[in-house]
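> One structure is given below, represented as structure tokens, and several questions about it will come after.
Values in this text are rule-based calculations from the coordinates and carry no lab data. Everything quoted here is computed from the prediction, not taken from an experiment. Reconstructed Cβ throughout: ideal geometry from the backbone, glycine too, with neighbour counts over all protein chains shown.
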Amino acid sequence: MLINANIKISKLSKNLKEYLEDLIKTYESAYSSLRKYAYTKRADIKRYIKWLYKTDPEGFIIAEVNFRIVGFIAVCKDWWDKDFGKVGEIHEFAVREDFQGMGIGSSLFKEGIEYLKKTNKIIGLWVGEENEKAIRFYKKWGFKTVGEIFPWIRMIKIF
């Protein structure tokens, strides 16, 4: 999906290594003001991104501007939740700080939700309790708070 002439939303190609550096930089930028909720060591971020991709390669969606990754969402269509059973899960959602507020996050989120809705009636996510901007964003999309394990809030949306 093309947002404008320079922004492209698509599934990550099969060659994760080719994109790994941009993905790491995107993650670091997205969490620059929320470091308490993020991996901070480069090796941990790299391992985490590889895990996200391995969990559901079809659910790893990127936003590119001039062939450079500026955002991504990693979702899993077959996740297990102790309270709800099988759910679609949003594991990670990150947009570079200097690209926020341009609609890129909304486009990524929509693609992730559409992918998960094909096989799930419930979609869940965890968000840091002090990440008020993200909480407002998720509420706007219809997610409701259903629990908390400090410092995380559990949110779900039922279709």
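> In Å, what is the Rg of the alpha-carbon atoms in the chain, and how long is Dmax?
For the chain, the Cα radius of gyration and maximum Cα-Cα distance read 14.7, 43 Å.
> Add -39500 (n - 2.57) for each DSSP H run of 4 or more in the chain, then divide by its residues: what number comes out at 222 nm, to the nearest 500 deg cm²/dmol?
Details: 4 runs with 52 residues, N = 159.
The helix-only estimate for the chain comes to -10500 deg cm²/dmol at 222 nm.
> Calculate, in nm to one decimal, what GLU132 and LYS36 gain on full extension: separation in residues at 0.36 nm each, minus their alpha carbon distance.
33.2 nm
> Could I ask something else about it? So for the pair LYS50, THR145, with labels modelled 7 Å out along Cα→Cβ, what separation do we get in nm?
Rounded to a tenth, the inter-label distance reads 3.7 nm.
> Would you list MET155, MET102 from fewest to most Cβ contacts within 10 Å?
The fewest-first ordering by Cβ neighbours comes to MET102, MET155.
> Could I ask something else about it? Given DSSP loops and a limit of at most 16 other Cβ atoms within 10 Å, what is the longest stretch of the chain that contains no such GluC sites (Glu not before Pro)?
1-128
> What do you get for the angle between helix 104-117 and the principal long axis of the chain? Use alpha-carbon atoms, 0 to 90 degrees, nearest ten.
With rounding to tens, the tilt is 50 degrees.
> Which angle from 0 to 90°, rounded to the nearest 10, does the C-alpha axis of helix 42-55 make with the longest principal axis of the chain?
For helix 42-55, the angle is close to 70 degrees.
> Can you sort LEU116, LEU20, LEU34, LEU12 from fewest to most other Cβ atoms within 10 Å of each residue's own Cβ?
Ordered by Cβ neighbours within 10 Å, fewest first: LEU34, LEU20, LEU12, LEU116.
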